[in-house]
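*Asks:* Sending over a structure as structure tokens; questions will come in a sec.
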Amino acid sequence: MPLTPQQPETDGTQWQLVDEGWGRKVVDFATLAEPSQCREYVALHHQLAVDKDERLLDLACGAGLALELASLRGARCAGIDASPRLIKVARDRLPGADIRVGDMQALPWEDASFEVVTSFRGIWGTTPQALDEAHRVLAPGGRLGFTVWGHIKASPGAWALSPFRLAAEPKVANQAAMVALGRPGVGEDLLARHGFVDVERVSIPFAWEFPDPETYARALASTGPAYEAIQAVGEEEFLRAAEAVAAERVRDGLPLRASIDVIAYLARKPLAPVETTTTWTAPLEASGFIGAATDTPAARAMYDEDLEDLGYVMNCVRLWAHLPAVNEGLFDLMGHSAKLAGLSVRERGILITAMAATMHDSSCSLAWGAKLADVSDPGLAAGVLAGHDTGLSESEQALARWARKVTADPTVTAEDDVEALRRAGYDDTRIVAVTAFIALRQAFAVVNDALGLPPDRELRAHAPAEVRDVVTYGRPVAD
């Protein structure tokens, strides 16, 4: 299925619900959205050297355009998808192919039925059983190739996916978890653990092109992730938001173009059975009182993200990788609270540094002291850490005072404290959101400190001297 699909649950029947998202506008999808993905289909077939008379199975085959292109190379094609309406189009495009409605995690074909198995953004870290099934139906020596989203944030066409974020928070979080498979090392490890060898990661060309914002919005609305967003905000609002974001990218005499990073994993089923293994070796020692988590794909995905973004793995990530879902949920709640409170990066910096200094948390003090210094100046950041709010506006001073009181002892806050926030322009909903943000960030810091987590050396090295001079409290920097 060519975009991030609505994922099946594990009860064996929920995969059938995919048709609600992907099948409702099947003609729009097949004619407006899918044709732009031909580059991706052709590139993967080329990488796999799909040849005449080879038996090829496409998992989450959608409307079947990839199968039609594989057939032009002479392959004998089969496909499976959870959406009956997409399958109807696929069969119309390729009448002689063995195309079925079903669950890719319980394939209806015999062992060793195919020389090639493909999938175009249909296999995710949340559907590992699909790899077991792909391995089973491949003949010994058979090839597997599947694509996933790569580094979306760094892609010039990332704007084209932004309307999907109108979905409810849990749906957006699920989308983020699914695309984690594109991070370096994650897919390689997953394939190795499912018995594949000769694993390779390659870049795949991908670009959406549309004549105008209206066509782009209509095409996007035909996809599963769009359906999740439409459920949250309604179709009219989704189309309006999509057209607005595309209108900013209109070019005279040129189509709208969204180039997005897509990568492919290529692998082979061995000729003889091999012991499954992992390609990951985590050079991470324990931080604090708890050893670094290394034994799950989710933990390794967290490490990969830090390595990609920072060049090292933070101590707190080594700890929270034991509970990646809890970590993700906690930060989702923090982000949602900050959004509802309307907090800028500077305001979040003020709240967190005031909170961290009050509870003597050195890690957050160094990390957010440096961030606050970046968006203001080092002297102001050091002042908030020291409890001196010179340089802050009246509303910012109210935030800092509230953060310190909530952190030190929430039972001593008074109506006057809340009234100060109201005078600063915060209504009651935003005050609740600000308080929730402080409490959630404090919970994160409490877990770190209680389990002996030291601040990273890099945090202290990157903090300005004014901030380092103030942060003489809490746990010392790691050796």
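*Asks:* Return yes when residue 179 is under 26 Å from residue 43 (Cβ atoms), modelled with pLDDT under 85 and assigned to a helix (DSSP H, G or I) and no when it is not. Explain how you work it out, then say what you get.
*Replies:* Details: under 26 Å from residue 43 (Cβ atoms): yes; modelled with pLDDT under 85: yes; assigned to a helix (DSSP H, G or I): yes.
When the stated conditions are applied, residue 179 passes them.
*Asks:* Quick one: which residue in 215, 147 is hydroxyl-bearing (Ser, Thr, Tyr), modelled with pLDDT of 85 or more and within 30 Å of residue 329 (Cα to Cα)?
*Replies:* Going through 215, 147 in turn, just one is hydroxyl-bearing (Ser, Thr, Tyr), modelled with pLDDT of 85 or more and within 30 Å of residue 329 (Cα to Cα): 147.
*Asks:* Under 9 Å by Cβ, and 6 or more places apart or on different chains, what pairs join a residue from the range 335-361 that is free of Cβ contacts under 8 Å to residues at least 24 places away in the same chain with one that is among the charged types (D, E, K, R)?
*Replies:* Note: pairs meeting the criteria are 335/169.
*Asks:* Out of the residues in the range 17-43 meeting the condition of being outside any helix (DSSP H, G or I) and modelled with pLDDT under 90, tell me which one is farthest from residue 266 (Cα to Cα).
*Replies:* That would be 24.
*Asks:* Residues 474, 387, 425, 452: which one is on the phi > 0 side of the Ramachandran plot, open to solvent by less than 30 Å² (accessible area, probe 1.4 Å) and modelled with pLDDT under 95?
*Replies:* After applying the criteria, what remains is 452.
*Asks:* Inspect the range 357-380 for any residue being closer than 24 Å to residue 461 by Cα and aromatic (Phe, Trp, Tyr) and give the result as yes or no.
*Replies:* The initial filter retains those residues of the range 357-380 that are closer than 24 Å to residue 461 by Cα, namely 357-380.
Checking which are aromatic (Phe, Trp, Tyr) leaves us with 368.
Taking every residue of the range 357-380 in turn, at least one turns out to be closer than 24 Å to residue 461 by Cα and aromatic (Phe, Trp, Tyr).
*Asks:* Among the numbered criteria (1) more than 30 Å from residue 55 (Cβ to Cβ); (2) of a type outside the set (D, E, K, R); (3) within 20 Å of the chain's Cα centre (by Cα); (4) open to solvent by 40 Å² or more (accessible area, probe 1.4 Å), which single criterion is violated by residue 161?
*Replies:* Among (1) more than 30 Å from residue 55 (Cβ to Cβ); (2) of a type outside the set (D, E, K, R); (3) within 20 Å of the chain's Cα centre (by Cα); (4) open to solvent by 40 Å² or more (accessible area, probe 1.4 Å), the lone unmet condition for residue 161 is (4).
*Asks:* Moving to a separate point now. Just checking, which of 266, 271, 256 is of a type in the set (A, V, I, L, M) and open to solvent by 70 Å² or more (accessible area, probe 1.4 Å)? Outline the logic, then answer.
*Replies:* Numbers: 266 fails: open to solvent by 70 Å² or more (accessible area, probe 1.4 Å); 256 fails: open to solvent by 70 Å² or more (accessible area, probe 1.4 Å).
The match here is 271.
*Asks:* Now for a separate question. Please pick out the residue among 392, 380 that is under 19 Å from residue 467 (Cα atoms) and either among the polar types (S, T, N, Q) or not in a helix (DSSP H, G or I) (or both).
*Replies:* After ruling out the rest, the residue left standing is 392.
*Asks:* Report the residue count in the range 81-98 for those that are surrounded by 18 or more Cβ atoms within 10 Å (Cβ to Cβ) and under 19 Å from residue 223 (Cβ atoms).
*Replies:* 8
*Asks:* Just name the residue that is nearest to residue 21 (Cα to Cα) out of those in the range 249-261 that are touching a residue at least 40 places away in the same chain (Cβ under 8 Å) and outside any strand (DSSP E or B).
*Replies:* Here the residue is 260.
*Asks:* Does residue 400 satisfy the criteria of being surrounded by 14 or more Cβ atoms within 10 Å (Cβ to Cβ), in contact (Cβ under 8 Å) with a residue 60 or more places away in the chain and in contact with a Gly (Cβ under 9 Å, 6 or more places away or on another chain)? It would help to see each step written out before you state the result.
*Replies:* Numbers: surrounded by 14 or more Cβ atoms within 10 Å (Cβ to Cβ): yes; in contact (Cβ under 8 Å) with a residue 60 or more places away in the chain: no; in contact with a Gly (Cβ under 9 Å, 6 or more places away or on another chain): yes.
So residue 400 does not fit the description; no.
*Asks:* Next question, about the same structure. Within the range 225-245, work out how many residues are in contact (Cβ under 8 Å) with a residue 40 or more places away in the chain and either touching an Asp or Glu at 6+ places or on another chain (Cβ under 8 Å) or under 30 Å from residue 268 (Cβ atoms) (or both).
*Replies:* 1
*Asks:* Could you tell me which of the residues 226, 219, 242 is open to solvent by less than 10 Å² (accessible area, probe 1.4 Å), in contact with a strand residue (DSSP E or B) (Cβ under 7 Å, 6 or more places away or on another chain), assigned to a helix (DSSP H, G or I) and closer than 24 Å to residue 23 by Cα? Talk me through it step by step, then tell me what you get.
*Replies:* On the way: 226 fails: in contact with a strand residue (DSSP E or B) (Cβ under 7 Å, 6 or more places away or on another chain); 242 fails: in contact with a strand residue (DSSP E or B) (Cβ under 7 Å, 6 or more places away or on another chain).
Every option except 219 fails the conditions.
*Asks:* Could you say whether any residue in the range 122-145 is touching a Gly at 6+ places or on another chain (Cβ under 6 Å), β-branched (Val, Ile, Thr) and under 29 Å from residue 209 (Cβ atoms)?
*Replies:* No, every residue in the range 122-145 fails to be touching a Gly at 6+ places or on another chain (Cβ under 6 Å), β-branched (Val, Ile, Thr) and under 29 Å from residue 209 (Cβ atoms).
*Asks:* Condition first: touching a helix residue (DSSP H, G or I) at 6+ places or on another chain (Cβ under 7 Å) and surrounded by 24 or more Cβ atoms within 10 Å (Cβ to Cβ). Now tell me which residues in the range 60-80 satisfy that.
*Replies:* In the first step, residues of the range 60-80 are kept if they are touching a helix residue (DSSP H, G or I) at 6+ places or on another chain (Cβ under 7 Å); the result is 61-70, 73, 77, 79.
Across the range 60-80, the qualifying residues are 61, 62, 63, 64, 66, 67, 70, 77, 79.
*Asks:* Continuing with this model, one more query. Considering only residues that are part of a loop (DSSP other than H, G, I, E, B), among the charged types (D, E, K, R) and at pLDDT below 75, which ones fall in the range 262-309?
*Replies:* Residues satisfying the conditions are 275, 285, 295.
The values are calculated or read from the model by the stated rules, or taken from the named source; none is laboratory data. Please read all numbers here as calculations on a predicted model, not as lab measurements. Note: ideal-geometry Cβ built from the backbone for every residue, glycine included; neighbour counts use all protein chains shown. Calculation scope for accessible area: heavy atoms of the full protein, side chains included, ligands and nucleic acids excluded. Shrake-Rupley method; radii C 1.70, N 1.55, O 1.52, S 1.80 Å.
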